[in-house]
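The values are calculated or read from the model by the stated rules, or taken from the named source; none is laboratory data. Predicted model only: the values in this text are computed from it and were never measured. Glycine gets a Cβ as well: all are built from the backbone with ideal geometry, and neighbour counts include every protein chain shown. The area values use the complete protein model at the heavy-atom level, side chains included, leaving out ligands, DNA and RNA. Shrake-Rupley method; radii C 1.70, N 1.55, O 1.52, S 1.80 Å.
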Amino acid sequence: VERSRGLGDVYKRQLVELAQKNAKMVLAQDREKIKREEGRTIGALKEIEQLLDMKGLNRVEAYDISNTSGFESVGSMIVYENGRPKRNDYRKFRIKTVQGPNDYASMEEVLTRRFTHESDPEKKEYDSFGKLPDLIMMDGGRGQVNIALGVLEKLDLDIPVCGMVKDDRHRTRGLYYNNVEILIDRDSEGFKLITRVQDEAHRFAIEYHRSLRSKDQV
């Protein structure tokens, strides 16, 4: 009996040791996962801050235009906070004042509507517009950036604007900011975040455009 009790105690002690070992392993894995996630979100934002010589970067808004030869032009607005998409704040715009494939004029309408709604507290359906971005990211270079800066100047708003520039293969190449193109290390988390933002703005605009085309065809 005594021998059985001794063996039972040893077995229990081994179970406790095994449980402790497993707990430490899981904790280490969780810490590593959290560390990687912080690197690709908050860490990536920090890298973009350094590239643009900014501080306090949190909310980023990105815009894109989609159409087929000017048919059913639409605009998309996506939002990232703390390096993560905030989908409840995404917005779609059906272009109302522009005829034909004019991306610059369409973007001017989208940005004007977005920031005019932001300043009108009576339009409660646009509550998500009540928070200004720390940075606006345009899907393009100098031309798109200048459109955004022009709208902000008219509305007396001071918000940094940069362009997400693509190469000849339509891949993200760098940022256009303060009249300078900034090349970015393609392996950096900041570059990967910029690519995700650009792809998400494009995806959201394309999906809305396709839905409108489908309705018209029906």
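Couple of notes before you dig in:
- The condition of being more than 29 Å from Thr116 (Cα to Cα), touching a Leu at 6+ places or on another chain (Cβ under 8 Å) and not aromatic (Phe, Trp, Tyr) holds for only one of Gly174, Gly163, that being Gly174.
- Qualifying residue in the stretch 27-36 (condition: of a type outside the set (A, V, I, L, M, F, W, C), touching a Leu at 6+ places or on another chain (Cβ under 8 Å) and modelled with pLDDT under 90): no
- Residue within the stretch 48-59 that is of a type outside the set (A, V, I, L, M, F, W, C), in a strand (DSSP E or B), modelled with pLDDT of 75 or more and touching a Lys or Arg at 6+ places or on another chain (Cβ under 8 Å) present: yes
- Across the stretch 192-211, a minimum of one residue is classified as under 23 Å from Asn58 (Cβ atoms) and touching a Leu at 6+ places or on another chain (Cβ under 9 Å).
- Checked against the criterion of being open to solvent by less than 40 Å² (accessible area, probe 1.4 Å), among the small types (Gly, Ala, Ser) and not in a strand (DSSP E or B), the candidates Gly163, Gly190, Gly174 yield just one match: Gly190.
- The listed residues are Glu81, Glu61, Glu47, and the only one of them that is acidic (Asp, Glu), in contact (Cβ under 8 Å) with a residue 60 or more places away in the chain and farther than 16 Å from Asp139 by Cα turns out to be Glu47.
- Some residue of the stretch 79-87 being at pLDDT 90 or above, among the small types (Gly, Ala, Ser), open to solvent by less than 50 Å² (accessible area, probe 1.4 Å) and within 25 Å of Lys46 (Cα to Cα): yes
- For the stretch 134-157, the tally of residues that are part of a helix (DSSP H, G or I) and open to solvent by 10 Å² or more (accessible area, probe 1.4 Å) stands at 9.
- Filtered residue count, the stretch 93-133, keeping only those that are outside any loop (DSSP other than H, G, I, E, B), at pLDDT below 90 and among the charged types (D, E, K, R): 6
- Of all the criteria given as (1) open to solvent by 30 Å² or more (accessible area, probe 1.4 Å); (2) part of a helix (DSSP H, G or I); (3) not β-branched (Val, Ile, Thr), the one not satisfied by Leu212 is (1).
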